[in-house]
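Peer 1: Structure incoming, see below.
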There are 4 protein chains.
Amino acid sequence: MSNWPDLAGRLEDSTHILPVRVYYEDTDFTGIVYHGSYVRFFERGRSDMLRMIGIHHAELQEGGADGRSLAFAVRGMTLDFARPATIDDVLTVRTQLLSARGAKIELHQEIWREVEKLVSANVTVAVITSEGRPTRLTERMRESLGKITPAS
Amino acid sequence: MSNWPDLAGRLEDSTHILPVRVYYEDTDFTGIVYHGSYVRFFERGRSDMLRMIGIHHAELQEGGADGRSLAFAVRGMTLDFARPATIDDVLTVRTQLLSARGAKIELHQEIWREVEKLVSANVTVAVITSEGRPTRLTERMRESLGKITPAS
Amino acid sequence: MSNWPDLAGRLEDSTHILPVRVYYEDTDFTGIVYHGSYVRFFERGRSDMLRMIGIHHAELQEGGADGRSLAFAVRGMTLDFARPATIDDVLTVRTQLLSARGAKIELHQEIWREVEKLVSANVTVAVITSEGRPTRLTERMRESLGKITPAS
Amino acid sequence: MSNWPDLAGRLEDSTHILPVRVYYEDTDFTGIVYHGSYVRFFERGRSDMLRMIGIHHAELQEGGADGRSLAFAVRGMTLDFARPATIDDVLTVRTQLLSARGAKIELHQEIWREVEKLVSANVTVAVITSEGRPTRLTERMRESLGKITPAS
């Protein structure tokens with residue numbers, strides 16, 4: 001969307017950076033952001049990083065040359081909630097590729113508010129068929145992911 | 001599920017009644033339930049009313065005798081938020097069928113906390129095919145809905 | 001946030017326009033956007049319109065000169081779901097002020113995908129105190145809202 | 001709520017068991033339950049376990065004898081997503097206390113569909129003041145948690 005140039009965030013030195021605003025829907029009665037909301041923010045970061053390197057969910061869903069419909073599914077996640085965000089905050093979701101091999105992608109993700117790190121996560125994502133079975137990354141996925149240098 | 005007899009609520013005199021607990025996820029930073037959460041609660045009430053009369057989403061999705069995959073889609077909704085709910089509250093979602101003809105089901109729904117009515121809604125639901133096109137209620141749906149007397 | 005100039009959308013001729021990406025979290029098993037997600041998108045549009053004219057939730061919550069803590073609460077909403085959105089779509093939420101008087105703000109909102117209108121809504125919002133009681137718009141709110149010409 | 005005896009689940013041999021129905025809101029376009037939904041289900045399990053032993057969020061929020069307003073905040077979480085759930089499924093959230101000391105509670109949680117384990121989690125929860133500072137478990141919390149035998 002040329003009209004909204006930053007909508008999918010930016011890739012800077014192989015780190016994907018996505019701004020996320022905190023709205024009513026993200027908070028809970030304790031006055032801060034609900035812990036489950038960060039899980040949604042991390043997914044937005046992963047989706048937009050994939051989008052920027054040419055991997056689109058809708059396209060995977062429709063199937064490729066061989067007609068298989070594919071999707072990504074989260075297999076594992078470790079979350080560390082260090083500091084809370086609150087309503088109106090502007091956060092940035094930072095996403096780094098750690099590795100991509102076989103049927104799995106490993107990522108490291110962080111959520112920052114200016115110079116403070118609020119939440120960090122390690123995430124394992126698998127490629128699955130429409131029947132839910134894990135399957136190897138396609139050649140095209142590997143090529144796309146090859147555009148990003150994995151974090152060491 | 002015989003082990004959890006009330007999980008899908010109860011049908012009392014053609015009104016479906018579903019208990020819903022307010023959790024963290026349903027509230028926002030103003031200390032009360034987020035208005036969008038009631039929209040989710042109403043959907044739970046409709047799904048469980050349909051379930052009790054024998055209409056299951058999973059089954060529709062898989063397709064019937066003629067192989068068509070069907071789903072319900074909300075077409076219109078009028079919401080009146082009179083009083084707020086808060087964390088830990090036990091609410092009841094009350095769902096009444098108003099009419100079912102052609103491709104459309106009309107319902108009236110209310111959310112109560114003991115003797116207080118908190119939210120009310122009128123909802124129009126359409127039956128759609130997997131391509132998103134509206135289609136007539138199936139014979140089986142009409143038979144199932146016939147078990148409930150529409151509210152006057 | 002000067003780094004993300006469009007994050008709160010844009011005001012064009014008294015209509016606020018906010019881009020919204022459809023993510024996993026917004027869709028459901030029928031393959032399209034869950035109807036409750038549009039309710040969240042509309043709230044984002046309202047919050048960002050208010051933000052652009054100088055009304056911030058966090059600031060209201062902390063209270064003004066007279067120390068009262070205030071918040072906005074949705075009182076009524078009429079929704080018309082005409083066409084569905086799907087994963088990866090870029091939507092725009094269009095928000096117009098209809099009126100602001102007493103304790104109430106009336107708005108008209110629409111969600112578009114390029115040249116297609118998908119969903120429209122009329123929304124009534126009230127100003128409430130921290131005890132949940134409706135209260136008149138403050139002088140400062142009325143001044144801020146005065147920057148926008150109500151749609152006729 | 002005597003009218004809905006199972007609404008907060010059951011305590012069986014120090015394991016809390018909560019039934020959870022999968023609704024539209026919990027699924028995504030890939031046809032299965034969105035991974036973030038399990039995070040919400042786990043929170044429901046923890047809240048209802050605490051409720052059954054006499055710890056209520058609303059009461060904590062209002063403050064105790066010494067007037068301090070307290071809440072629980074998730075500090076860390078490790079999630080393993082083994083198998084997916086789908087629409088209409090009845091799941092059970094199983095919650096076990098591992099330890100409760102200082103300002104922290106450690107729990108192990110699992111989500112099952114009949115005889116299949118779908119998701120498991122280890123969760124660290126802290127007690128925080130209304131200013132977001134961690135604080136020791138109160139005497140009353142420790143007494144309540146003492147009713148449950150920690151899993152070894």
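The values are calculated or read from the model by the stated rules, or taken from the named source; none is laboratory data. Keep in mind that this is a model prediction, so the values were computed, not measured. Here Cβ is always computed from backbone atoms with ideal geometry, including for glycine, and neighbour counts include all displayed protein chains.
Peer 1: On the given criteria, is B:E106 without any contact (Cβ under 8 Å) to a residue 12 or more places away in the chain, of a type outside the set (V, I, T) and over 20 Å from C:F41 (Cβ atoms)?
Peer 2: Against the criterion (without any contact (Cβ under 8 Å) to a residue 12 or more places away in the chain, of a type outside the set (V, I, T) and over 20 Å from C:F41 (Cβ atoms)), B:E106 does not qualify.
Peer 1: Just need a number here: residues in the stretch A:90-108 that are in contact with a helix residue (DSSP H, G or I) (Cβ under 8 Å, 6 or more places away or on another chain) and closer than 30 Å to C:M52 by Cα.
Peer 2: Residues meeting the conditions: 4.
Peer 1: For the stretch D:69-88, check the following and say yes or no: at least one residue is in contact with a helix residue (DSSP H, G or I) (Cβ under 6 Å, 6 or more places away or on another chain), of a type in the set (V, I, T), at pLDDT 95 or above and in a strand (DSSP E or B).
Peer 2: Within the stretch D:69-88 (the criterion being in contact with a helix residue (DSSP H, G or I) (Cβ under 6 Å, 6 or more places away or on another chain), of a type in the set (V, I, T), at pLDDT 95 or above and in a strand (DSSP E or B)), the answer is yes, since at least one residue qualifies.
Peer 1: Criterion first (in a strand (DSSP E or B) and among the basic types (K, R)) does C:K147 satisfy it?
Peer 2: The answer is no for C:K147.
Peer 1: Can I ask one more? Could you check, for the stretch A:80-96, whether at least one of its residues is within 11 Å of chain D (Cβ to nearest Cβ), farther than 21 Å from D:F72 by Cβ and not basic (K, R)?
Peer 2: The answer is no, given that none of the residues of the stretch A:80-96 is within 11 Å of chain D (Cβ to nearest Cβ), farther than 21 Å from D:F72 by Cβ and not basic (K, R).
Peer 1: I'm trying to understand the selection: among the residues of the stretch A:113-135, which are touching a strand residue (DSSP E or B) at 6+ places or on another chain (Cβ under 7 Å) and part of a loop (DSSP other than H, G, I, E, B)?
Peer 2: Passing the criteria: only A:T135.
Peer 1: Here are some conditions: (1) at pLDDT below 95; (2) of a type in the set (G, A, S); (3) crowded, with 18+ Cβ neighbours inside 10 Å. A:G54 meets all but one. Which one does it not meet?
Peer 2: (3)
Peer 1: Considering the stretch C:10-63 alone, what residues qualify as being assigned to a strand (DSSP E or B) and either of a type outside the set (V, I, T) or at the interface with chain D (Cβ under 9 Å from one of its Cβ atoms) (or both)?
Peer 2: Listed by number, the residues that qualify are C:R10, C:L11, C:E12, C:H16, C:L18, C:P19, C:R21, C:T27, C:V33.
Peer 1: Criterion first (under 24 Å from C:R140 (Cα atoms), crowded, with 21+ Cβ neighbours inside 10 Å and within 11 Å of the chain's Cα centre (by Cα)) does C:H16 satisfy it?
Peer 2: Judged against the criteria, C:H16 is a match.
Peer 1: Select from the stretch D:125-152 the residues that are crowded, with 19+ Cβ neighbours inside 10 Å and out of contact with any Ser or Thr (no Cβ under 7 Å at 6 or more places or on another chain) and list them in ascending order.
Peer 2: D:V125, D:A126, D:L137, D:M141, D:L145
Peer 1: Here's a follow-up. What tally of residues in the stretch B:64-73 results from selecting those that are touching a Lys or Arg at 6+ places or on another chain (Cβ under 9 Å) and within 10 Å of another protein chain (Cβ to nearest Cβ)?
Peer 2: Counting residues in the stretch B:64-73 that are touching a Lys or Arg at 6+ places or on another chain (Cβ under 9 Å) and within 10 Å of another protein chain (Cβ to nearest Cβ) gives 1.
Peer 1: Shifting gears a bit: Scan (1) more than 14 Å from chain D (Cβ to nearest Cβ); (2) surrounded by 21 or more Cβ atoms within 10 Å (Cβ to Cβ) for the single condition C:L7 breaks and write down its number.
Peer 2: The one condition C:L7 does not meet is (2).
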